Amino acid sequence: MAGRLLARGMIAGCVAAALAFVFARIFGEPQVDLAIAFEAARHGAEAHQHMAEAEPVSRAVQASYGLLTAVVLYGTAFGGLFSLVFAYAYGRLNTWSPKALALLLAGAGFLVFVLVPDLKYPPNPPAVGTPATLAFRTGTYFAMIGLSVSVAVIATLVGQALTRTRGAWSGSLWGAGLFLVLMVLVQSAMPDVNEVPSGFPALVLWRFREASIGMQLVLWSSMGLLFGALAERALASAPTRR
């Protein structure tokens with residue numbers, strides 16, 4: 001059954017990634033083009049032409065096949081991991097239907113892997129940030145993801161422990177409250193990054209970040225819905241052990 005769920009998770013992730021790609025092409029790529037135009041105007045047309053000639057992959061390929069490949073690989077990988085987490089949770093939360101559990105896990109994944117890290121280190125378009133701090137910014141972002149996952153695990157364990165003594169409602173509230181308090185402390189302790197250049201259009205920056213969050217929301221919600229339906233059929237058709 002784990003293998004069947006894994007295959008369905010990867011399929012759901014791949015399809016969800018295709019939907020996220022369509023969203024990114026419509027709402028995200030125009031903002032990237034505007035950011036590139038700002039960078040070209042700031043450094044001059046000659047410098048922009050030199051950068052374009054030095055690019056191993058053209059902008060057209062980056063915005064189409066390159067973006068599609070990256071998103072599909074990302075979605076398929078997370079779809080496989082999502083199915084394994086679902087298989088582990090379903091064996092311990094049998095009161096939840098497969099569809100409801102898949103949506104719950106998709107919402108938790110979006111919160112932990114996307115929303116919380118992006119509140120501290122939101123995604124930026126081209127021309128925002130300097131190459132000299134790229135390693136630092138990448139490291140702090142992935143550290144934020146790791147801390148978010150760790151805090152989520154701690155809050156879940158505490159919530160489950162309190163559920164056994166105080167009931168599901170109180171356990172859920174205490175777990176959610178603990179997650180919120182710990183994440184506020186963690187984000188306050190993490191270093192800030194402020195490298196938006198002077199004169200960069202605020203509207204472009206805002207819409208790019210909206211599109212980035214929206215793409216992730218489409219990916220995780222679609223994956224949860226699709227995998228829930230596929231998992232329900234797989235579990236319903238599974239032979240019952242006696």
Checklist entry - Sorted by accessible area (1.4 Å probe), largest first, how do D192, D33, D118 line up? => result D192, D33, D118
Next on the checklist: Over the chain, with the other protein chains present, what is the accessible area per residue in square angstrom, probe 1.4 angstrom?
Outcome noted: 58
Item to check | Label-to-label distance, nm, for residues given as A77 and F136 (7 Å Cα→Cβ offset) | outcome: 2.6
Checklist outcome for this item: Output row, site I145, 7 Å Cα→C-beta label point, backbone N cut-off 17 Å, window region 15-42, residues 17
Next on the checklist: Taking just the alpha-carbon atoms of the chain, what radius of gyration and Dmax come out, in angstrom?
Outcome noted: 20.9, 75
Checklist entry - From the Cα gyration tensor of region 107-242, with a ≥ b ≥ c the square roots of its eigenvalues, which class applies: rounded if a/c is under 1.5, or else prolate if a/b is larger than b/c, or else oblate? => result oblate
Next on the checklist: Give me the extension gain from L115 to V85: residue separation times 0.36 nm, minus the current Cα-Cα distance, reported in nm with one decimal.
Outcome noted: 8.9 nm
Item to check | In order through region 108-115: 3J(HN,Hα) via Karplus (6.51 cos²θ - 1.76 cosθ + 1.60), integer Hz, x for Gly, Pro | outcome: 5, x, 4, 5, 7, 8, 10, 5
Checklist entry - Residue-wise, which Karplus ³J(HN,Hα) couplings in Hz belong to region 212-223, taking 6.51 cos²θ - 1.76 cosθ + 1.60, θ = phi - 60°, and x for glycine or proline? => result 5, 5, x, 4, 5, 5, 4, 4, 6, 5, 5, 5
Next on the checklist: Applying a 10 Å radius around every beta-carbon, put 7-14, 97-104 in order of their mean neighbour count, most first.
Outcome noted: 7-14, 97-104
Checklist entry - With r defined as the distance between the Cβ atoms of A70 and R166 and R0 fixed at 30 Å, what FRET efficiency is calculated, to the nearest 0.05? => result 0.10
Checklist entry - Dimensions of region 53-172 along principal axes (Cα, Å, largest first)? => result 64, 28, 16
Checklist entry - What list of ³J(HN,Hα) values in whole Hz, one per residue of region 143-159 in order, does the Karplus curve 6.51 cos²θ - 1.76 cosθ + 1.60 (θ = phi - 60°) give from phi, with Gly and Pro shown as x? => result 5, 5, 5, x, 5, 4, 5, 4, 5, 4, 5, 4, 5, 5, 5, 5, x
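The values are calculated or read from the model by the stated rules, or taken from the named source; none is laboratory data. Quick caveat, the model's predicted, so the values are computed rather than measured. In this analysis, Cβ positions are derived from the backbone assuming ideal geometry, glycine residues included, and neighbour counts consider all displayed protein chains. Accessible surface is based on the protein model in full, side chains and every heavy atom, while ligands, DNA and RNA are left aside. Shrake-Rupley method; radii C 1.70, N 1.55, O 1.52, S 1.80 Å.
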